[in-house]
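What follows is a single structure, written as structure tokens, with notes after it.
The values are calculated or read from the model by the stated rules, or taken from the named source; none is laboratory data. Not measured: the values here are computed from a predicted model. No Cβ is skipped: glycine too gets one built from the backbone with ideal geometry, and neighbour counts run over all protein chains shown.
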Ligand SMILES: [Zn+2]
Ligand SMILES: [Zn+2]
């Protein structure tokens, strides 16, 4: 075989691979696609919708070839829906008659200024919409995702929340501010501001802490009732409860990352008497209390917390506190991962969290089921960038094709 043939074959294989890939290089496709000739349209969305033919835990297998795909060009607002294995665009006012008929995945909005957005408002799909980290790129290079406080990320089917984050540009949060989460329980009864009761009180009211037997009660340290117990064990001080929980949550040592990574396993806590499970956050009169506070360092840090799908399972908390200007935290199922996740849907080296230039950046490591960041509301579609979103087993890659073309010569 001469060099020329070998090269041609290589090119053919490349093209074949590109055609098959669920995350294609859409700007390349656009260049070779006569449909997007400059004369026709100057700012258009090119989309490839790919659906995995299997329906498994709302996952998309980025390695599977058992997919159905379709290319669509859009230059107006519309809805993206899935009917069985097929994804389509429909008008903005379209309403499916039933959920069986079609699932509304998300909407494309084109505003008065001609800017495009991906919008999740009024979407009732059971699956959230996710940004596909590995698909992010501009004209010249791949991009990674900068983590923000409150972000929900998903590796395979395992979800994490960025519970807290501090960098040179993102200042420390008020530790008293409790973020909303999915594990909040109302405190059924609590006693406040009972400061006239002092330590030496003979405690004729019978109200006292089951832990320290004190009856003093302040706004910072109320006596609360968080279980079904009654009588002398009904109340506990918030601070006494926290002390008890802290004594039970032990950090897991990581020899390799001793100085810069702490892991905690949070098993379910329950009342030792009535066996009621304690939620991690308590609410009383619109005030929130965490029953476990982490000691956070002064420098840059990022705290990840796993989100349990079942209320009673344990969760993991990871505190990354880099001690060098740039460093990597490897996340995966493999034994040598810094943040190790034992779930079959997580690849051996699934993702990396890189600390560099004072930012925590999330990067996918071509994992089988992808690294995703939840889209909470609406995101702008940047000109000449490629990106992708995933809803359940469907991935939509999009590229906003908006080049300034040289003016055409007038026809003779
Ligand atoms: Zn107490
Ligand atoms: Zn109890």
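Numbers for the structure displayed
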read-out: Only one of 338, 364 that is in contact with a helix residue (DSSP H, G or I) (Cβ under 6 Å, 6 or more places away or on another chain), within 17 Å of residue 147 (Cβ to Cβ) and modelled with pLDDT of 90 or more; value: 364
read-out: Cross-chain or 6+ apart pairs with Cβ under 8 Å, the range 226-238 first and in contact (Cβ under 8 Å) with a residue 40 or more places away in the chain and closer than 10 Å to residue 208 by Cβ, then more than 13 Å from ligand 1 (Cβ to nearest atom) and in a loop (DSSP other than H, G, I, E, B); value: 233/273
read-out: Residue in the range 190-207 that is at pLDDT below 75, away from ligand 1 (no atom under 13 Å from the Cβ) and within 38 Å of the chain's Cα centre (by Cα) present; value: yes
read-out: Unmet criterion (only one of (1) under 18 Å from residue 181 (Cβ atoms); (2) within 16 Å of ligand 1 (Cβ to nearest atom); (3) surrounded by fewer than 18 Cβ atoms within 10 Å (Cβ to Cβ)) for residue 218; value: (1)
read-out: Subset of the range 62-83 [crowded, with 19+ Cβ neighbours inside 10 Å and assigned to a strand (DSSP E or B)]; value: 67, 78, 79, 80, 81, 82
read-out: Hits in the range 275-302 (condition: surrounded by fewer than 15 Cβ atoms within 10 Å (Cβ to Cβ) and either farther than 22 Å from residue 170 by Cβ or under 21 Å from the mean Cα position of the chain (by Cα) (or both)); value: 275, 276, 277, 285, 286, 287
read-out: Residue tally, condition in contact with a strand residue (DSSP E or B) (Cβ under 8 Å, 6 or more places away or on another chain) and in contact (Cβ under 8 Å) with a residue 24 or more places away in the chain, over the range 245-256; value: 2
read-out: Residue list for the range 238-271, filter: within 16 Å of ligand 1 (Cβ to nearest atom) and either under 20 Å from residue 219 (Cα atoms) or surrounded by 11 or more Cβ atoms within 10 Å (Cβ to Cβ) (or both); value: 238, 239, 240, 241, 242, 243, 244, 245, 246, 271
read-out: For residue 158: the one exception among (1) farther than 26 Å from residue 356 by Cα; (2) modelled with pLDDT of 75 or more; value: (1)
read-out: Those residues of the range 127-143 which are part of a loop (DSSP other than H, G, I, E, B) and within 16 Å of the chain's Cα centre (by Cα), in sequence order; value: 127, 128, 129, 136
